[in-house]
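Each remark here refers to the structure printed beneath this line.
The values are calculated or read from the model by the stated rules, or taken from the named source; none is laboratory data. Computed from a prediction, not measured in an experiment: that's the story for all the values here. All Cβ positions, glycine included, derive from the backbone under ideal geometry; neighbour counts span all protein chains shown. Surface areas here come from the heavy atoms of the whole protein model, side chains and all, with no ligands, DNA or RNA. Shrake-Rupley method; radii C 1.70, N 1.55, O 1.52, S 1.80 Å.
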Amino acid sequence: MRSPKFKVGDLVYFPDEGEASNKDYGIVIRIISEDQLKLECPYAYEIYWIVEGNTTIDENWWIEENIVLKARA
């Protein structure tokens, strides 16, 4: 398994190219292994989104292609 790009505690940013309201900052709260979720990817990220106030779990490839690191914990 390759190493995750982000770590627990990292502040990340979703710079969506759409409307300004789609932009959001989040904090990585957990990295979930493949066997914990029965995913077809090596791991997933659980992120708490500050502006939206919700938590998402997304596969590693999507997060690592679309999310930008703003600050490392």
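Across S33, S3, the residue with the most accessible area heads the list, and the full order at a 1.4 Å probe is S3, S33. About the Cα centre of the chain, what is the dipole size in debye to 20, counting +1 per Lys and Arg Cβ and -1 per Asp and Glu Cβ, all else neutral? I would put it at about 420 debye. Karplus-based coupling profile of the stretch 61-72, in residue order and whole Hz: 4, 5, 4, 5, 8, 10, 10, 10, 6, 9, 7, 9, with θ = phi - 60° in 6.51 cos²θ - 1.76 cosθ + 1.60 and x standing for Gly or Pro.
Its Cα gyration tensor gives the chain an equivalent ellipsoid; the semi-axes, largest first and in whole Å, are 21, 12, 11.
Computed over the chain with a Gaussian network model linking Cα atoms closer than 10 Å, the most mobile of E46, E59, E34 is E34.
Here K23 is the anchor, and the lysines within straight C-alpha reach of less than 19 Å, apart from those fewer than 8 places off in the same chain, are K70.
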